[in-house]
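See below for the structure under consideration.
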Amino acid sequence: MKIQWGGDTSSGFHVYFLLDSTESEAKFDAAGEWLNTEMKLKKDSLPRNIKEGLLSSAYANWTIHAAFIIYFPQQIIHYRMVVISADKAKKIISFNQKGQLIKDDFSL
């Protein structure tokens, strides 16, 4: 397993690694407390309720470019996607475990 550390002591740390051939990143605050772990997902492995949430959102006609699962403390899970519109606009959107859109305010 290859591990690469990043970040600095004032803002926290990131560790990049492969877990079962999956690109992953764990984030820690400056005190070493775990903040979250993000893992890349294959688009076709998104849970059905997340796909349904996307189809019922304003991004139903956008194409998924990349997908990630994010694990937070207290067993909270979010799904983040990079989506692309027909006119090539890119946006990062996030859904909670229930398939509800919770964030769509980051354009690329």
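Each value in this text was obtained by applying a stated rule to the coordinates, not by laboratory testing. Fair warning: this is a prediction, and the values are worked out from it, not measured in the lab. No Cβ is skipped: glycine too gets one built from the backbone with ideal geometry, and neighbour counts run over all protein chains shown.
At a glance:
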quantity: Inter-centroid distance (Cα atoms) of the range 31-59 relative to the range 69-108, Å; calculated: 6 Å
quantity: Sequence-distant residues sharing a close amide H with Leu41 (under 5 Å, placed H); calculated: Ala67, Phe68, Ile69
quantity: The range 10-60 - Rg over Rh from alpha carbon coordinates, Kirkwood radius; calculated: 1.15
quantity: Ranking of Met81, Met39 by count of other Cβ atoms within 10 Å, fewest first; calculated: Met39, Met81
quantity: Per-bin percent of Cα-Cα distances, the chain [10 Å]; calculated: 14, 40, 33, 12, 0
quantity: Those lysines that a straight Cα-Cα span of less than 29 Å connects to Lys88, excepting residues fewer than 8 apart in one chain; calculated: Lys40, Lys42, Lys43, Lys51, Lys98, Lys103
quantity: CD proxy at 222 nm, helix term only [per DSSP H run n ≥ 4: -39500 (n - 2.57); per residue of the chain; nearest 500]; calculated: -2000 deg cm²/dmol
quantity: ³J(HN,Hα), Karplus 6.51/-1.76/1.60, whole Hz, each residue of the range 36-48, x for Gly, Pro; calculated: 5, 10, 10, 10, 6, 10, 6, 4, 6, 9, 5, x, 4
quantity: Under 5 Å, built H, 5+ apart or other chain: amide partners of Ser57; calculated: none
quantity: Rounded to whole Hz, the Karplus (6.51, -1.76, 1.60) HN-Hα couplings of the range 49-64, x for glycine and proline; calculated: 5, 6, 4, 5, x, 5, 5, 9, 9, 5, 9, 4, 9, 8, 9, 6
quantity: Estimated FRET transfer efficiency (Ser11, Arg48; beta-carbon r; R0 35 Å; 0.05); calculated: 0.40
quantity: ³J(HN,Hα), Karplus 6.51/-1.76/1.60, whole Hz, each residue of the range 10-19, x for Gly, Pro; calculated: 7, 10, x, 10, 10, 10, 9, 7, 9, 10
